[in-house]
Amino acid sequence: MRDVSLDIQPGELVALLGPSGSGKTTLLRVIAGLNSPDRGRVLFDGENATNLPVQDRHVGMVFQNYALFKHMTVADNIGYGLRVRPRRTRPSRAAIKARVTELLQFVQLDGLGGRYPAQLSGGQRQRVALARALAIEPRVLLLDEPFGALDARVRKDLRRWLRDIHKQTGLTTVFVTHDQDEAMELADRVVVLNEGRIEQIGTPEELYDRPASPFVISFVGEAVALPVTIADGHVTFGGRELHIDTHGLRSGPARVFFRPADIAVAAEGSGDLEGRVESLRRTPAGVRATIAIDGYDQTLEIDSPLERSASLGGRVPLSLAKARIFPADENGDYVNAGDGI
Amino acid sequence: MTSPSLVGKNARRFTAPSVIPGFGLTFGYTLIYLGVIVLFPLATLIWQSSGLGLSGLYAIASEPRVAASLRTTFFISFAAAVVDLFFGLIVAWVLTRYDFPGRRLLDAFVDLPFALPTAVAGISLAALYSPNGWFGAPLADYDIKIAFTRWGILVALIFIGLPFVVRTVQPIISELEVELEEASATLGAGRLQTVIRVMLPPLAPALLTGFALAFARAIGEYGSVIFIAGNIAYVSEIAPLLIVVKLEQYDVPGATGIATIMLAISFAALLLINLVQAWSRRRFGHV
């Protein structure tokens, strides 16, 4: 990981989003104290925790495969963090029992305290793992791919449920995910990671509307990338000019990114791009056309109202409603974002 | 309702239907194997000694030399199995959990006591621990004698029993997820607590199996022990040796008598271990 600087506000729900190998789990483990950074510091409430051993960090960690103690009952699993405390700070047996009962209720597993993890479903195990982490009243809650191993329906339920839990406990929560929908739906702020670097930190709105790098725009939602050239304040793609604001951008090669939803069939004689209609399908509202844009190697699906529809194989003008342009820097990387349209 | 004929057919079935056929064949083989190779010789042994009667067996067992050898055999075997339990666990842990140069080679060494003719082990151990051997000489300076004493027997039995513990525990350790330790640590548990509360319980059934195997092997061990034990009657004479001695004196009833007593004690001991194991599986077995 390189140059990672992240400030998480108390009570925030933050997602670490990135493809596998982007370093998101490593970052989470550094926060937990399970990995130690070669350089840099980890601060909890402004207090240096870099050299604090895991045991003393008071982080609630939920592992991807839950890591439940299989030889203990659900209740013993949840009470574990309290039972292992040194005698001075350990609650009484009765207090531990009461806390376990309360947590079982909180995660909606009342009455299952006597079961063993092997006798639970995936979603239930996940909730036991969460209750176990909450039992120690952690300073932060860390979740590593919390829904990774669950099927789609349980995932959806648990997502909503996790959001509720966060609201009720007010705990600062960081979770790792590779699923952008999950990150966008759950988190207050999303940290997009790629190859050990933070690409962007922002609210879901910011990531959708003002992606800071080509990586972010293609990772968060679908995007089309067109190789363009900036010269004398004009952006050209395959000889056509695109009406994109180039104010303050360096001339040379650049990439224009736009979402498939931001392109539409334009009126005859106007439009930024041109394409050929590959197929047409009727939809309730109009026509869905598969269009091959000149100079772009994949096809796009565009919904357009009936009256604008073109004939199969015919050429149609297309206009961009929204796009972002990333000029190349001296290394040929497309980094610093322009505003685009 | 299913048709009566189907119910009848299923009810007569001895086992659940399986995709792999051949239950009859394999079950028959199992019975014949156990019968001819294991139970028949044991039955012969009991039949041979049955002429003695219970009072005869008791007379043999209470013969001071026999009683001493039985004590030597069982106590030292037990002690050796206990030592193997600890060292075997450590060796298995190191070989599975850590990656270091030469790990595979070291792993292969563990099996040597299996492969070595036990007499070879006995001779080399005797040479090492004898008062002028590499280990024996420095120890002799401190007045510690290993070879030709009961300690020698212990050393030999530890040597031959170790692989049993290592090999039974190893696969279970490799199945233990590292995340379990990490989870325990994030919940505030110290290292010792993590080991005792999280790591050891899932290993308990396998450890007991390894212990039982090492113990059983030690009871029956002959080759390596007789070279290092010195075989002093009443002190370092093991029961299997006494059987041989009796046979050489054509005292067949005496020999089979000792054998039957050993069989009974071994069986009782292993049954006990199995019961403990069954309990531990129930207790910790939800793995």
Being within 11 Å of chain B (Cβ to nearest Cβ), in contact (Cβ under 8 Å) with a residue 12 or more places away in the chain and either surrounded by 21 or more Cβ atoms within 10 Å (Cβ to Cβ) or within 17 Å of residue B:201 (Cβ to Cβ) (or both) narrows it down to one of A:83, A:127, so name that one. A:83
For the stretch A:106-136, how many residues meet the condition of being among the aliphatic types (A, V, I, L, M) and touching a strand residue (DSSP E or B) at 6+ places or on another chain (Cβ under 9 Å)? 6
Got a number for residues in the stretch A:27-48 being among the β-branched types (Val, Ile, Thr) and either without any contact (Cβ under 8 Å) to a residue 40 or more places away in the chain or away from chain B (no Cβ under 14 Å) (or both)? 2
Residue within the stretch B:147-156 that is of a type outside the set (Ser, Thr, Tyr) and under 30 Å from residue B:181 (Cβ atoms) present: no
Would you point out which residue out of A:14, A:74, A:59 is surrounded by 19 or more Cβ atoms within 10 Å (Cβ to Cβ), in contact with a helix residue (DSSP H, G or I) (Cβ under 6 Å, 6 or more places away or on another chain), touching a residue at least 60 places away in the same chain (Cβ under 8 Å) and among the aliphatic types (A, V, I, L, M)? A:59
Residues located in the stretch A:89-111, provided they are within 14 Å of chain B (Cβ to nearest Cβ) and at pLDDT 90 or above: A:90, A:91, A:96, A:99, A:100, A:103
Condition check for residue B:180: in a helix (DSSP H, G or I) and more than 14 Å from chain A (Cβ to nearest Cβ): no
Being hydrophobic (A, V, I, L, M, F, W, C), within 14 Å of chain A (Cβ to nearest Cβ) and in a helix (DSSP H, G or I) is the filter here, so list the residues in the stretch B:161-177 that pass it. B:172
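Results for (1) more than 30 Å from residue B:261 (Cβ to Cβ); (2) of a type outside the set (Phe, Trp, Tyr); (3) surrounded by 13 or more Cβ atoms within 10 Å (Cβ to Cβ), shown as yes or no for each residue.
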| site | (1), (2), (3) |
| --- | --- |
| B:121 | no, yes, yes |
| B:127 | yes, yes, yes |
| B:134 | yes, no, no |
| B:140 | yes, yes, yes |
| B:147 | no, yes, yes |
| B:170 | yes, yes, yes |
Boolean, residue A:113 is over 15 Å from residue A:171 (Cβ atoms) and in a helix (DSSP H, G or I): no
Which condition does residue A:64 not pass, out of (1) facing chain B (nearest Cβ under 9 Å); (2) buried (at least 18 other Cβ atoms within 10 Å of the Cβ); (3) not β-branched (Val, Ile, Thr), if it passes all the others? (2)
Single unsatisfied condition, residue A:133 versus (1) more than 14 Å from chain B (Cβ to nearest Cβ); (2) in contact (Cβ under 8 Å) with a residue 40 or more places away in the chain: (1)
(1) away from every other protein chain (no Cβ under 14 Å); (2) within 16 Å of the chain's Cα centre (by Cα) all hold for residue B:239 apart from (2)
Can you name the residue in the stretch A:180-214 that is part of a helix (DSSP H, G or I) and charged (D, E, K, R) and is also surrounded by the most Cβ atoms within 10 Å (Cβ to Cβ) among such residues? A:182
Quick one: in the stretch B:56-78, of everything that is among the aromatic types (Phe, Trp, Tyr) and either at pLDDT 90 or above or not in a helix (DSSP H, G or I) (or both), which residue is nearest to residue B:240 (Cα to Cα)? B:74
Whether any residue in the stretch B:186-203 is within 14 Å of chain A (Cβ to nearest Cβ), in contact with a His (Cβ under 9 Å, 6 or more places away or on another chain) and on the phi > 0 side of the Ramachandran plot is what I want to check. yes
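The values are calculated or read from the model by the stated rules, or taken from the named source; none is laboratory data. Note that the coordinates shown come from a computational prediction; the quantities given were computed from them, not determined experimentally. Glycine gets a Cβ as well: all are built from the backbone with ideal geometry, and neighbour counts include every protein chain shown.
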